[in-house]
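Below you'll find the structure, written out as structure tokens, and then a few comments.
Rule-based calculations on the coordinates, nothing more; no lab input. Small disclaimer: the values here were computed from a predicted structure and weren't measured. Counting neighbours? That spans all protein chains shown, and the Cβs are built from the backbone with ideal geometry, glycine included.
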Amino acid sequence: MPRTGLSRPDTARSRVSTARPGTSRASSSRATTGTWVVAISEGRNVGREVGIAAVDRETGRVIITQVADCQTYVKTLLHLSVHSPAVIVAPDTFFAKSSDGKLRSILVEYINEEFPAVPLQQFPRRFFNGQIGEEFVAQLSLQD
């Protein structure tokens with residue numbers, strides 16, 4: 001068999017990775033600046049439910065999603081990568097630190113890892129009110 005200069009991957013000899021799996025993202029999305037302002041909020045219960053609201057600054061398009069995620073937040077990170085955020089807004093409770101100095105929210109750490117160039121802005125939790133948000137969406141939505 002002729003050699004093409006490409007080597008075969010070391011599948012049998014390579015070590016199995018135990019790291020958190022990354023999200024797939026187009027290489028072009030790393031180089032371009034995002035146009036979406038994305039707000040995220042995580043439920044306070046035992047499950048990992050994440051609310052995502054994204055607004056495209058150029059077109060005004062709005063996408064609101066709720067994700068039942070796993071411990072690696074791979075679904076949330078995928079939604080964020082699809083919207084190529086210019087800024088991510090999160091409640092200030094996400095940025096609270098535990099007694100050992102680590103962030104209490106693993107999601108913030110994962111977002112910083114996946115989107116190092118995207119600024120994370122924190123806002124007081126009172127601005128993330130579900131009832132007021134639901135009324136606002138109902139007021140602005142179109143009737144079918």
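Observations, loosely collected:
- For Leu78 and Gln131, the difference between the fully extended length at 0.36 nm per residue and the C-alpha to C-alpha distance is 16.4 nm.
- Among the GluC sites (Glu not before Pro) in segment 32-84, those placed in a DSSP loop whose Cβ has at most 16 other Cβ atoms within 10 Å are Glu58.
- In loop segments of segment 28-88 as defined by DSSP, the trypsin sites (Lys or Arg not before Pro) with at most 13 further C-beta atoms inside 10 Å of their C-beta are Arg44, Arg57, Arg61.
- Rounded FRET efficiency, nearest 0.05, which uses the C-beta distance separating Thr59 from Ser98 and R0 of 41 Å: 0.55
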